[in-house]
Every structure is written in C-alpha cells, then in structure tokens.
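I have placed the structure first, in the form of structure tokens, so that the comments after it can refer back to it.
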Amino acid sequence: MSRSGETGRGTDGVIDIKQKTDCCGCGACIQICPQKCIAFVQDEEGFFYPEADFLKCVQCGKCEKVCPIKSASAKKRRQPSCYIGYHKEDAVRFVSSSGGIFTPLAEYVICEMQGVVFGGAYDDTFMVRHTRVDKTEMLDILRGSKYVQSQTGQAYQEAEADLKKDKTVLYTGTPCQIAGLKKYLGKEYSGLYTVEVLCHGVPGPGLWRQYLDEKEKHFQGKVTYVSFRQMKSKWTSFAMELQFDNGVKYEKDRLKDPYMQMFLNNLSLRPACYDCQYKDIDRREADLTIGDCWGIETYMPDMFDDKGTSVIFVHSEKGRKLLEQIRNKLILREGEADRAVSPGAESRKSPLPHPKRKVYLEKVKKGKSISELAKVTKRSLPERIKTKMERLLETEGRRDNER
C-alpha cells in the first residue's frame, strides 16, 4: 500500500504491503524512517498497515531492513529450558493473568538495576499502547492480559534512547513485536532484556473500539475499567468485565462474551497471525517466554491450585540469569517443553482461520454489530458433535501419555 497507489513489495527500497499476511503491525518501519514518510492506516477490519508517501521517500531501504517479516532472520537456538512456576504471594497472582512471573521480573529491573520496563497499557480511551514505566507503583498498568493488538507508537525509539544512555531496559510484548524491536535496534545491547508472551494471535484495535463503543451506548455510560480475565475464584474460569461511570458493571464468561468468542474461535485475528513466523519454540528472539500453563492439573498436579500457574521458556543466558535473580520469589519446578505446552497448541503453531472467516469479513464490510459478527462462530449440531469427539480423543491421548 502506498499513497501513490502502486502495489508490490520492495518497490524502490520502500515498504509496500501487497498481502496483509506480510505485515504484523509492529511499527518498526514507521519508527526507523528518517523522512517520517510512513504512517499507519487502518483497514476496514480494524488493523493498522504502513502506508508510504513516495513523494517524501528517499529510498534508503531502512523500512524494509527492519521488517520482521520481510527480513525475518530468527536463527534456530537450542531447545529452551522449561520451568513451571508461580509467585509465592497470592496477592500478586490475583492481579496477574497466570502465575505472576512478570511482576518480580519488572520489579527487579526497576529496583535493582535502576531500569525501565515497556509493555502494553490502556490509554484514556482503553485502547492498548506500549508504555514506558520507571516506578514499581506504575507496574499495575502493565499487568494482565489484553487481547487486542498493542500499538507500539514510539516505544522502539524510546527504548533505544534509554539503551544508549546505558539504562537497563525490560521490553515485553508479542513475539513479532520483540522481533521488530531487535530489527529496529540493529545491534545487541547488554542492558536489553526481552520477555515475550505465549501468543495465540491478536484481534485489531478497530474491532475492540467498536466493542467498547457499542457497550457504552447500550449501558449509557463511559467505560472506567476493563479486565479481559476477571477471576472471581478460579484461574481456569474467567470472564470479561467492564465497569462504567454510572455504576453499571458488565460481566460475561469468556465463552459467552461476543468479543472473546470471536478471538478464541480464530475469527478476528490479524491475517499475519494465521501464518506466523515466530511460533517455533526454538526460534524465539526473546530472552524469556512466559504464559499460561494450561493442563498443568494433569501434567503436574502438585503445581495446580487454580490460582494461576505459568510456563517459562528460557532462550538465552541473559534470560537464565534474570530468572535466577527472582527465583527466591517463586515456586519453581523444571518441566518439559512439549508437555507444558503441546506442540499442537496455537501458541506454538499458527492458528487455523475460522472456516467462516470469509463470511465474517463480509459482515465487517457491511458494518454489522459485534453481536452479529459473533454469530458467525455458532456451529451446527454435527459440528458440535465432531468437536466434542475430537476433544475426548485428545484428552484420552494425553492420559495415555501420562501413563
């Protein structure tokens, strides 16, 4: 895409997206451009894609060089070390999405290394943007899962500025965002630590904005609080929760909320997520990978209390040393990567698009409501029976492996 109307990728040394699967939306190309001639443009599905102004472009080629898809170069590493763990304090786990591993990592970087932390936070309108934090009392804005693509803004530039001042930086994000940061920086920094989340895929900011706008209209109030994973008593059973300035509270189980239905059924993910280049566990760019350890109740029952348990993959010596520094705050056990997170899990392989995604896209073009879009996920009786049988077989297979 370009303002000149031309198509094709790599034309005259400027980023030009021909297929939407060619862009993960990390924003590295925009932040590296010396002419500031690249800007994000939102498509009708609600995702942002870079658009270049050829009249201002000097064809330096920097935008293409930093693209984590165009110039993907993740080298195969050895199989990462795997750990299962959670924070010793229940209060930390309660405000976290899984085992609370992020909190002590961030606290250590800020308090012991006098560093800064970057991660996704809500802005005043509850859109998610990468934000710089340098005080522990501000870490709460970075905690918790946010199932929408974070806009990196100028975060890569800010991180680089800190690193050049010899400041320690902990940068967290999705695997493609970490890859984008590494490409943008173009060199290794001893003070940079990177932590990625186990990523299923990301819905777009536009869909999230539509969801919030419709809820505000329905409940006649402004959103003042959002939690994608409100846990009342159990980690394995959570809900979407919204609170409004008129005192109204909306709470819906993740399997019944329309936004979450579309996300969990692979209906509303970014096109690049269906062909992700950063799923292989031994090709990760980050120092550490953290995420939910689903199925821990059968794999390692003594590490399950339904308050949140994390899986941690260690990809580098820097990651190992950082984890070691916070070990005293964790209940930690060594694990096996393929048992902690199945190779077939969508955090380790690209998710398959929902079979009715084309129907969904047609409804998006027609401006249908969130509830109407979510109806696409409804399955016929034969489809439900097939899914139930597949899950039963998968469960039996897992039990056989445990024997």
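Does at least one position in segment 235-256 carry a residue that is in contact (Cβ under 8 Å) with a residue 40 or more places away in the chain, in contact with a Lys or Arg (Cβ under 9 Å, 6 or more places away or on another chain) and open to solvent by 70 Å² or more (accessible area, probe 1.4 Å)? Scanning segment 235-256 turns up no residue that is in contact (Cβ under 8 Å) with a residue 40 or more places away in the chain, in contact with a Lys or Arg (Cβ under 9 Å, 6 or more places away or on another chain) and open to solvent by 70 Å² or more (accessible area, probe 1.4 Å).
Going by the conditions given, is LEU361 out of contact with any Pro (no Cβ under 6 Å at 6 or more places or on another chain), outside any loop (DSSP other than H, G, I, E, B) and closer than 27 Å to SER237 by Cβ? Against the criterion (out of contact with any Pro (no Cβ under 6 Å at 6 or more places or on another chain), outside any loop (DSSP other than H, G, I, E, B) and closer than 27 Å to SER237 by Cβ), LEU361 does not qualify.
The set of residues from segment 18-39 being open to solvent by 60 Å² or more (accessible area, probe 1.4 Å) and under 16 Å from GLY201 (Cβ atoms) comprises just one member, LYS20.
Would you mind finding the one in PRO80, PRO104 that is farther than 20 Å from LEU142 by Cα and out of contact with any Pro (no Cβ under 6 Å at 6 or more places or on another chain)? Among PRO80, PRO104, only PRO80 is farther than 20 Å from LEU142 by Cα and out of contact with any Pro (no Cβ under 6 Å at 6 or more places or on another chain).
Results for (1) crowded, with 18+ Cβ neighbours inside 10 Å; (2) without any contact (Cβ under 8 Å) to a residue 40 or more places away in the chain; (3) in a helix (DSSP H, G or I), shown as yes or no for each residue.
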{"position": "LYS187", "(1), (2), (3)": "no, yes, no"}
{"position": "TYR193", "(1), (2), (3)": "yes, no, no"}
{"position": "CYS199", "(1), (2), (3)": "yes, no, no"}
{"position": "LEU207", "(1), (2), (3)": "yes, no, yes"}
{"position": "TYR211", "(1), (2), (3)": "yes, no, yes"}
{"position": "HIS218", "(1), (2), (3)": "no, yes, yes"}
{"position": "PHE228", "(1), (2), (3)": "yes, no, no"}
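The requirement of being under 19 Å from VAL128 (Cα atoms) and either in contact with a Cys (Cβ under 6 Å, 6 or more places away or on another chain) or in a helix (DSSP H, G or I) (or both) is not satisfied by LEU242. Here MET113 clears all of (1) more than 28 Å from LYS36 (Cβ to Cβ); (2) under 20 Å from the mean Cα position of the chain (by Cα); (3) not in a helix (DSSP H, G or I) except the condition numbered (2). Restricting attention to segment 288-326, report how many residues are touching a strand residue (DSSP E or B) at 6+ places or on another chain (Cβ under 9 Å), in a helix (DSSP H, G or I), open to solvent by 20 Å² or more (accessible area, probe 1.4 Å) and over 21 Å from PRO175 (Cβ atoms). Looking only at that region, the number is 2.
Taken across segment 162-174, residues that are assigned to a helix (DSSP H, G or I), of a type in the set (Gly, Ala, Ser), crowded, with 20+ Cβ neighbours inside 10 Å and under 17 Å from the mean Cα position of the chain (by Cα) do not occur at all. Against the conditions (1) farther than 25 Å from ALA91 by Cα; (2) surrounded by fewer than 21 Cβ atoms within 10 Å (Cβ to Cβ); (3) among the hydrophobic types (A, V, I, L, M, F, W, C), CYS276 satisfies every one except (2). Taking segment 339-358 as the range and being open to solvent by 80 Å² or more (accessible area, probe 1.4 Å) and either assigned to a strand (DSSP E or B) or free of Cβ contacts under 8 Å to residues at least 24 places away in the same chain (or both) as the test, the residues that pass are PRO355, LYS358.
Among the residues making up segment 147-161, those that are in a helix (DSSP H, G or I), in contact with a helix residue (DSSP H, G or I) (Cβ under 9 Å, 6 or more places away or on another chain) and not acidic (Asp, Glu) are ALA155, TYR156, GLN157, ALA159. Just give me the residues in segment 46-66 being over 23 Å from SER316 (Cβ atoms), open to solvent by less than 20 Å² (accessible area, probe 1.4 Å) and either touching a Pro at 6+ places or on another chain (Cβ under 7 Å) or in a loop (DSSP other than H, G, I, E, B) (or both), in sequence order. Correct list: GLY46, PHE47, GLY61.
The values are calculated or read from the model by the stated rules, or taken from the named source; none is laboratory data. As the structure is a computational prediction, the values presented were derived from the model and not from experiment. With ideal geometry, Cβ positions are generated from the backbone for all residues, glycine too; neighbour counts draw on all protein chains shown. All accessible areas refer to the heavy atoms of the entire protein, side chains included, with ligands and DNA or RNA removed. Shrake-Rupley method; radii C 1.70, N 1.55, O 1.52, S 1.80 Å.
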